[in-house]
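The values are calculated or read from the model by the stated rules, or taken from the named source; none is laboratory data. Nothing here was measured: the structure is a model prediction, and the numbers come from that model. Counting neighbours? That spans all protein chains shown, and the Cβs are built from the backbone with ideal geometry, glycine included. These area figures cover heavy atoms from the full protein model, side chains too; ligands, DNA and RNA do not enter into them. Shrake-Rupley method; radii C 1.70, N 1.55, O 1.52, S 1.80 Å.
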Amino acid sequence: MKITNKTAIDLYCGSGAVTAGLKSAGFQVVCAIDVDPIACATYRANHPEVHLFEEDIKTISPKRFANDLKGSLDLLAVCAPCQPFSNRNRHKSTKDQRAKLVLEALSFVEELKPKLVFFENVPGIGRQPVFNELAEKMVALGYHLSPPKKIDAADLGVPQRRQRMILIGARNDDLLTQASKINFSKRRTVFDVIGNLPSPPVGIENIENDVLHYSRRHSVITIERLQHIPHDGGSRDNLPPQLQLRCHKDLNKNSYPDSYGRLKWRDVAPTLTTGCTDLTKGRYAHPVEDRAITLREAARLQSFPDDYIFVGNASQIATQIGNSVPPTMMHGIAKTLYSALSNNSSASL
Ligand SMILES: C[S@@+](CC[C@H](N)C(=O)[O-])C[C@H]1O[C@@H](n2cnc3c(N)ncnc32)[C@H](O)[C@@H]1O
């Protein structure tokens, strides 16, 4: 492996959004790990040069990387599954084994001793015992830790409200101070990124130029509902009684308060989830057209460039988009990490 730049490993790489952000900031991503075959197919299509391990992380010994990278790795990026800590997860359970996955990163830290370790997750992780365990073990391994910091992707140029918690570990205090100084960038709105897209054809079979820009086929009653929802930010509160859904009338059963709501042109979008093209899962109706947003619109709201290749069917692509760390958010963070590393090239334990 020919190393030319600051090096990074991307754990839980999914479809590769973190890798895209790291690469655009100058990192050379040398390895990545994820267990999901569809996400890995997307990853390979976009990052063919990276050595991707399509395996359960629990079965991979970090010693496999040690010869090449021990002591020389610049960054370990860890974006473990967030579902066990997410407020949106209605089936959250303390027994969810995925909560422990973030701790798998520790053996990589111990073996490879990266100069920086970057963790990203939902803010809810900060209230969990696993978070304290992670922090204690990082300190025991000799790392200096930043206080957990809440950031919103909207402050990093992503046209979406997406609150995340980041935690940075560094081999020395100087490096940590510099790596923690993340610069915010100008806000972008829904209009800025999807305002110039043409009205999409209806149905996948009618696709013209853009394979991600087609509308779902909505039922007649769904279109009738949408026709009653005011343009540019309206919500289902405006539905006449005969068009209201029974589950929406009963507030206790209502788990998606924003469903059928429209995006607002001059605002950022709400957090995109794996159901981001489904009207019943959140505020995912187009600002003025009577339809849910397309996969292309969702990908742009998540800051993916149009030439990013997604493998899979519509629901698998929506899952990859909703699960990803917005590449532009990662780019903003990665630029800071890269320059901190450049100024501290001798950081050692
Ligand atoms: C939050 S997503 C990561 C998103 C990714 N970093 C991106 O930017 O697109 C979490 C990922 O963890 C992966 N994952 C879950 N359990 C895993 C395991 N046991 N081993 C490896 N990967 C796993 C999932 O397949 C999913 O892609």
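The figures follow:
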| read-out | value |
| --- | --- |
| Segment 34-58: number of residues that are within 11 Å of the ligand (Cβ to nearest atom), more than 23 Å from VAL102 (Cα to Cα) and of a type in the set (Gly, Ala, Ser) | 0 |
| Odd one out for THR319 among (1) within 17 Å of the chain's Cα centre (by Cα); (2) open to solvent by less than 10 Å² (accessible area, probe 1.4 Å) | (2) |
| Unique match (being open to solvent by less than 30 Å² (accessible area, probe 1.4 Å) and at pLDDT 95 or above) among THR177, THR189 | THR189 |
| Criterion (surrounded by fewer than 22 Cβ atoms within 10 Å (Cβ to Cβ) and either at pLDDT 90 or above or within 13 Å of the ligand (Cβ to nearest atom) (or both)) met by exactly one of ARG90, ARG98 | ARG98 |
| Matching residues in segment 16-60 - criterion: being open to solvent by 60 Å² or more (accessible area, probe 1.4 Å) and assigned to a helix (DSSP H, G or I) | LYS23, SER24, PRO37, ARG44, LYS58, THR59 |
| Failed condition for ARG161, given (1) farther than 30 Å from ILE293 by Cβ; (2) open to solvent by 30 Å² or more (accessible area, probe 1.4 Å) | (1) |
| Residue that is touching a His at 6+ places or on another chain (Cβ under 9 Å) and either under 22 Å from GLU110 (Cα atoms) or not assigned by TED's automatic domain parsing to the domain that holds PHE304 (or both), where the choices are ALA25, ALA41 | ALA25 |
| Output for segment 298-349, where each listed residue is small (Gly, Ala, Ser) and outside any helix (DSSP H, G or I) | SER303, GLY312, SER324, SER345, SER346, ALA347, SER348 |
| Hits in segment 263-297 - residues which are under 18 Å from the mean Cα position of the chain (by Cα) and not in a loop (DSSP other than H, G, I, E, B) | ALA269, LYS281, LEU295, ARG296, GLU297 |
| So SER199, is it assigned to a loop (DSSP other than H, G, I, E, B), open to solvent by 50 Å² or more (accessible area, probe 1.4 Å) and of a type in the set (S, T, N, Q) | yes |
| Residue in segment 103-110 that is among the acidic types (Asp, Glu), over 19 Å from the mean Cα position of the chain (by Cα) and open to solvent by 40 Å² or more (accessible area, probe 1.4 Å) present | yes |
| Residue within segment 277-296 that is surrounded by fewer than 13 Cβ atoms within 10 Å (Cβ to Cβ) and either of a type in the set (D, E, K, R) or touching a strand residue (DSSP E or B) at 6+ places or on another chain (Cβ under 6 Å) (or both) present | no |
